[in-house]
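Structure, as structure tokens:
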């Protein structure tokens with residue numbers, strides 16, 4: 001009987017340890033400001049220069065290209081074949097299906113790209129790389145590598161909201 005009780009305690013302990021360890025992946029770290037948070041995220045992401053990314057783009061290999069600017073900015077122009085997912089929507093978008101190929105990230109502000117890349121890494125994208133600099137740098141350096149009006153000149157339309165009168169009526 002003692003062995004049975006000891007076995008049950010041992011199994012219960014192993015389950016408790018396993019359960020508590022699965023929750024340890026969620027960070028409870030806080031930061032005094034956004035710069036501190038971005039500086040920390042910067043140490044966990046990979047970068048590529050715009051010159052080197054241009055070579056990747058020209059090679060036309062298999063990769064994802066993510067434009068993290070807001071939809072209205074994306075609707076004006078972007079890097080060819082970029083998919084628009086604003087940084088705040090990274091975890092909710094299904095626009096990038098293949099998580100197993102490299103995903104290059106850019107935005108209007110490099111820090112926004114860094115935070116987007118860090119989020120993609122947390123949700124298990126295999127290889128995430130920030131394109132150094134920002135959209136304005138790209139437009140200036142590579143004006144021939146810009147896709148104008150990728151959304152037909154309009155920002156992606158939000159789903160229509162049905163108007164209802166008051167509470168359920």
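Can you tell me which residue among 52, 58 is part of a helix (DSSP H, G or I), surrounded by 10 or more Cβ atoms within 10 Å (Cβ to Cβ) and either over 20 Å from the mean Cα position of the chain (by Cα) or modelled with pLDDT of 85 or more (or both)?
Numbers: 58 fails: surrounded by 10 or more Cβ atoms within 10 Å (Cβ to Cβ).
So the residue among 52, 58 that is part of a helix (DSSP H, G or I), surrounded by 10 or more Cβ atoms within 10 Å (Cβ to Cβ) and either over 20 Å from the mean Cα position of the chain (by Cα) or modelled with pLDDT of 85 or more (or both) is 52.
Show me the helices (runs of 4 or more DSSP H) entirely contained within region 69-151 in which 3 or more residues are farther than 18 Å from residue 42 by Cα and at pLDDT 95 or above. Can you show your working first?
Details: elements: 71-74, 110-122, 135-141.
Helices (runs of 4 or more DSSP H) meeting the threshold: 135-141.
Here is a list: 156, 164. Which entry is in contact with a strand residue (DSSP E or B) (Cβ under 8 Å, 6 or more places away or on another chain) and modelled with pLDDT under 90? So that I can check it myself, show each step before the final result.
On the way: 164 fails: in contact with a strand residue (DSSP E or B) (Cβ under 8 Å, 6 or more places away or on another chain).
Result of the check over 156, 164: 156.
The values are calculated or read from the model by the stated rules, or taken from the named source; none is laboratory data. Here the structure is a predicted model, which is why all the values come from computation and not from measurement. Cβ: placed from backbone, ideal geometry, glycine included. Neighbour counts: every protein chain shown.
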